[in-house]
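Each remark here refers to the structure printed beneath this line.
The values are calculated or read from the model by the stated rules, or taken from the named source; none is laboratory data. All of these numbers come straight from a predicted model, not from anything done at the bench. Here the Cβ positions follow ideal geometry from the backbone for every residue, glycine too, while neighbour counts run over all protein chains shown.
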Amino acid sequence: MQNDVQANLGGTTMDRRRLLTYAALAAGSSIFSRAAFAQSGQKRPYAPMALGLLIKPFPNPEAKIKLVHDLGFPTCFLSLDGYLGKYTPELAKQFNDLFDKYRVVPTTAEVVYPQPLKWNFLEGPATIGVVPRAYRQARMDALKQTSDFAKRIGVGRIQTHCGFIPEDPKDALYPEAVTAIRQLTEHCAGNGQHFLMETGQETPTTMLRMIKDVNNPALGVGLDTANLILYGKANPVDALKVLGPHVQAMHAKDGKWPTDPAKLGEEVVIGKGEVDFPQVLKELKALNYQGAISIERETSGPQQVADVKAEKVYLENILSKLSA
C-alpha cells in the first residue's frame with residue numbers, strides 16, 4: 001500500500017488532489033484545511049502522534065538518520081540550518097535514499113538562520129525571525145529555499161520562529177510581519193505544504209491574531225511545549241485552548257519559568273520541568289491532532305542520547321494510557 005501511495009504522489013492522482021486543495025485554499029475553505037491539506041505534501045505517510053526526534057543532520061546525515069532508526073523512532077523533525085546554500089538535487093536524493101534505507105519519515109523541516117540570533121530577552125527581539133527589518137528578507141529567502149528543498153524530499157511542513165511578534169497590532173512592525181508571513185505561507189502552499197509558526201516569543205493570543213490576519217489555511221502552529229514556559233508567555237495546556245485547532249507539529253520539550261528578566265528559563269529533561277505532558281497529549285488527542293510528537297533535547301553527545309531514551313519511555317507510557 002505504501003508503494004501505491006508513493007506512486008500516486010508522483011502522478012495524476014496527486015495532481016487532482018492538489019488541484020482540489022488549492023481550490024479550497026483560494027476559497028478560504030476550512031473543509032480541506034485540516035484533512036486533505038494536512039498530508040498533501042507528505043511523501044511518506046505516518047500515524048498521528050507518532051514519536052519522533054529532532055535532528056540536525058549536517059554534516060553527516062546518515063549518522064543522524066541512523067540514530068533515529070536505532071533509537072526506535074519512526075519519524076524525525078529536520079533542523080536544516082547547516083544546509084542553507086547547499087540544497088541540490090543530489091542532496092535531496094541522498095536524503096530520500098537514507099529515509100528509505102532506515103525507514104524513517106521526515107515530518108517537518110525548520111530553519112532559523114541566517115545569523116545573528118540572540119536567544120534572550122534583551123537582544124532577541126531585534127535578531128530573531130522575520131519581525132526585525134534588518135534580517136527579514138534573508139530569513140524569508142532561506143525559508144523559501146528550504147520549502148523548495150523539502151518538497152523534493154516529500155516533507156509537508158516548514159517551520160520557523162517568526163520572532164517577537166508585537167502584541168500591539170498598531171505597532172509598525174506588526175503589519176510588516178503579517179505581509180512577510182503571508183508571503184511565506186503562500187510560497188509553502190504552492191509547494192503543497194503548511195507553513196508553521198513555532199511558539200515561544202509571542203503570546204498565544206498574538207499568534208492567533210496573526211493566523212486570522214494572514215487568513216490562509218496553510219498557516220499553522222508548531223507547538224513547542226517548553227518554549228511557551230521558557231519565554232514566560234503561557235502554560236502549554238492553556239495555550240492549546242487558544243491555538244489547539246491550528247497545531248500541526250509538536251516539539252516535546254520541558255523547561256522551567258524564567259527567573260532572570262534577561263535570560264530564558266532553563267530547558268530540562270522531559271518530566272523534570274513545568275510541562276504537564278499527560279494533559280497536553282490528552283488535549284492533542286481530543287483535538288484529533290494528526291502530526292508527530294518530536295522530542296527535542298538541547299544537549300549533545302552521549303548525554304543527549306541517554307536523555308532521549310528516557311524521554312521516549314516517559315512519553316510512550318503516557319501515549320499507551322491514552323490509547324487504552
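All conditions but one from (1) in contact with a strand residue (DSSP E or B) (Cβ under 9 Å, 6 or more places away or on another chain); (2) within 17 Å of Val155 (Cα to Cα) apply to Asp254; the one that does not is (2). Among the residues of the stretch 123-141, those that are surrounded by fewer than 20 Cβ atoms within 10 Å (Cβ to Cβ) and either touching a residue at least 24 places away in the same chain (Cβ under 8 Å) or assigned to a helix (DSSP H, G or I) (or both) comprise Pro125, Ala126, Thr127, Pro132, Arg133, Ala134, Arg136, Gln137, Ala138, Met140, Asp141.
Selection of the stretch 191-225 for residues being part of a loop (DSSP other than H, G, I, E, B) and under 21 Å from Gly156 (Cα atoms) yields Asn191, Gly192, Gln193, Thr199, Asn215, Asn216, Pro217, Ala218. Kindly check whether there is at least one residue in the stretch 311-323 that is of a type in the set (Ser, Thr, Tyr), within 18 Å of the chain's Cα centre (by Cα) and not in a strand (DSSP E or B). Looking through the stretch 311-323, none of the residues is of a type in the set (Ser, Thr, Tyr), within 18 Å of the chain's Cα centre (by Cα) and not in a strand (DSSP E or B). Inside the stretch 150-164, can you point out the residues that are surrounded by 24 or more Cβ atoms within 10 Å (Cβ to Cβ) and β-branched (Val, Ile, Thr)? Listed by number, the residues that qualify are Val155, Ile158, Thr160.
Just one of Asp254, Asp224 is surrounded by 14 or more Cβ atoms within 10 Å (Cβ to Cβ), within 25 Å of Ile55 (Cα to Cα) and out of contact with any Pro (no Cβ under 9 Å at 6 or more places or on another chain); which is it?
On the way: Asp224 fails: out of contact with any Pro (no Cβ under 9 Å at 6 or more places or on another chain).
Just one listed residue meets the conditions, Asp254.
One line per residue, one yes/no per condition, for (1) under 23 Å from Phe195 (Cα atoms); (2) among the aliphatic types (A, V, I, L, M):
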| site | (1), (2) |
| --- | --- |
| Val214 | yes, yes |
| Ala226 | yes, yes |
| Val242 | yes, yes |
| Lys256 | no, no |
| Pro261 | no, no |
| Val268 | no, yes |
| Thr299 | no, no |
| Pro302 | no, no |
| Leu322 | no, yes |
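The single residue among Leu284, Leu264, Leu240 that is touching a Leu at 6+ places or on another chain (Cβ under 9 Å), within 27 Å of Pro169 (Cβ to Cβ) and either at pLDDT below 95 or not in a loop (DSSP other than H, G, I, E, B) (or both) turns out to be Leu240. Residues of the stretch 287-310 that are assigned to a helix (DSSP H, G or I), on the phi > 0 side of the Ramachandran plot and modelled with pLDDT of 95 or more: none at all.
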